[in-house]
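Report on the structure given below.
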Amino acid sequence: MIAPARATLATVLTTLLLLVGLARAQQPAPSWSPALDAAAAGGDAQKQCDLARCFRDGLGVDKDLVAAMRWYLRAAEQGHAEALFQVGRAHLHGEGAARDAKVAFAWLRKAADAGHAPARALVGRCLLRGIGTPADPVAGAVMLRLAAEQGNAVAQDMLAACLLTGNGVPKDPRAAVGWLRKAAAQGHAESQDSLGHCLLVGLGTGTDVQEAVAWFRKAAQAGFAGAYVHLGECALRGLGTERDPVAAVAWFRKAAEQGHVNGCHMLGTCLADGTGVEKDEAAAREWLRRAAELGHQGARERLRTLGGT
């Protein structure tokens, strides 16, 4: 289920990891060589960026985040967009540089202004959440749209969330589903799960439980815990698939073992009721307690009925 993300640095770092993963997948990996070192020393901004990546990822040379930062800075000073992004990333993540959200945002904004799509996506998220800059959801949504139109799947997913909740833009569930489809088609697991949810409940699109389950399965194959919960719920209720409480419990357990709050709640509930699994109130209390600690109100209430605290 789609829910507004909390305004935390951890949320931004999660998005950052997705953005960096996408960027790395699109770029051939360099490898350190004397020629690369010489070209970087000679002032070639692209080679400086490549050399920085070698030090950052340990490609043909020992990993050295401080050295990576030094070379990214030299390329960034020449206006190299990827280097600008990576300097911002380093400050946001505290890798080879002091963790400083304000400094990070300044560098990321320069990269975004240079047209760097992952930087635009991350700047959009920072503006939405007030990370390193005052919150400005309208400006954040504008930046996300720019990145989304460049084909950035993370931005497409975040823009869809804005359109579903009316954060920085008027609510438009139909447009949101359109962006989710674009991101889901690129293999973005969270978008696949969110698209499945929209299809399951008819949000911004017609209801299609079979297609919903198909998208949940794609997201689950990528290890997305929210999709495990959705597949468990569908198996428990017989939506788009045969009713199978045992399979439902297996999905809930996978999500719970990843610390997913709804997975913990549903697994605890099944154990308490003996649904799809042998009744076990002690185990039920343990999983419900975990869900309660993660803020699930329903788990707190059920825990009290089982004599938990």
### Task
Return the residue satisfying two criteria in turn: it lies in region 53-87 and is outside any helix (DSSP H, G or I) and acidic (Asp, Glu), and of such residues it is surrounded by the most Cβ atoms within 10 Å (Cβ to Cβ).
64
#### Entry: Residue within region 191-200 that is surrounded by fewer than 22 Cβ atoms within 10 Å (Cβ to Cβ) and not assigned by TED's automatic domain parsing to the domain that holds residue 76 present
yes
### Task
Might you check whether a residue that is more than 18 Å from the chain's Cα centre (by Cα), assigned by TED's automatic domain parsing to the domain that holds residue 43 and either farther than 30 Å from residue 203 by Cβ or free of Cβ contacts under 8 Å to residues at least 24 places away in the same chain (or both) occurs anywhere in region 150-163?
no
### Task
Would you confirm whether any residue within region 111-120 is within 19 Å of the chain's Cα centre (by Cα), at pLDDT 95 or above, more than 24 Å from residue 73 (Cβ to Cβ) and not small (Gly, Ala, Ser)?
no
### Message
Which count do you get for residues in region 97-119 that are buried (at least 22 other Cβ atoms within 10 Å of the Cβ), of a type outside the set (A, V, I, L, M, F, W, C) and not in a helix (DSSP H, G or I)?
### Response
1
### Query
Mind checking which residues of region 287-302 are over 11 Å from residue 264 (Cβ atoms) and surrounded by 21 or more Cβ atoms within 10 Å (Cβ to Cβ)?
302
#### Entry: Residues (outside any helix (DSSP H, G or I) and surrounded by fewer than 16 Cβ atoms within 10 Å (Cβ to Cβ)) located in region 141-162
150, 151
#### Entry: Candidate set from region 29-42 (those that are assigned to a loop (DSSP other than H, G, I, E, B) and either in contact (Cβ under 8 Å) with a residue 60 or more places away in the chain or out of contact with any Lys or Arg (no Cβ under 8 Å at 6 or more places or on another chain) (or both)); member that is surrounded by the fewest Cβ atoms within 10 Å (Cβ to Cβ)
42
### Message
Can you say whether residue 94 is surrounded by fewer than 19 Cβ atoms within 10 Å (Cβ to Cβ) and out of contact with any strand residue (DSSP E or B) (no Cβ under 9 Å at 6 or more places or on another chain), as far as the supplied structure shows?
### Response
yes
### Query
Just one of 271, 231, 267 is under 14 Å from residue 193 (Cα atoms), without any contact (Cβ under 8 Å) to a residue 24 or more places away in the chain and buried (at least 20 other Cβ atoms within 10 Å of the Cβ); which is it?
231
#### Entry: Residues being surrounded by fewer than 20 Cβ atoms within 10 Å (Cβ to Cβ) and free of Cβ contacts under 8 Å to residues at least 60 places away in the same chain - total across region 120-140
6
### Task
Considering each of 149, 233, 211 in turn, give the residue that is of a type outside the set (Phe, Trp, Tyr) and closer than 24 Å to residue 265 by Cα.
233
### Query
So residue 258 clears everything in (1) closer than 12 Å to residue 229 by Cβ; (2) crowded, with 23+ Cβ neighbours inside 10 Å except one condition, right? Which one?
(2)
### Selection status of residue 281, surrounded by fewer than 21 Cβ atoms within 10 Å (Cβ to Cβ) and without any contact (Cβ under 8 Å) to a residue 24 or more places away in the chain
no
### Query
Which residue, of 268, 238, is on the phi > 0 side of the Ramachandran plot, modelled with pLDDT of 95 or more and outside the structural domain of residue 160 (by TED's automatic domain parsing)?
238
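The values are calculated or read from the model by the stated rules, or taken from the named source; none is laboratory data. Please read these numbers as outputs of a predicted model, since none were measured by experiment. Note that we place each Cβ from the backbone using ideal geometry, even for glycine, and neighbour counts take in every protein chain shown.
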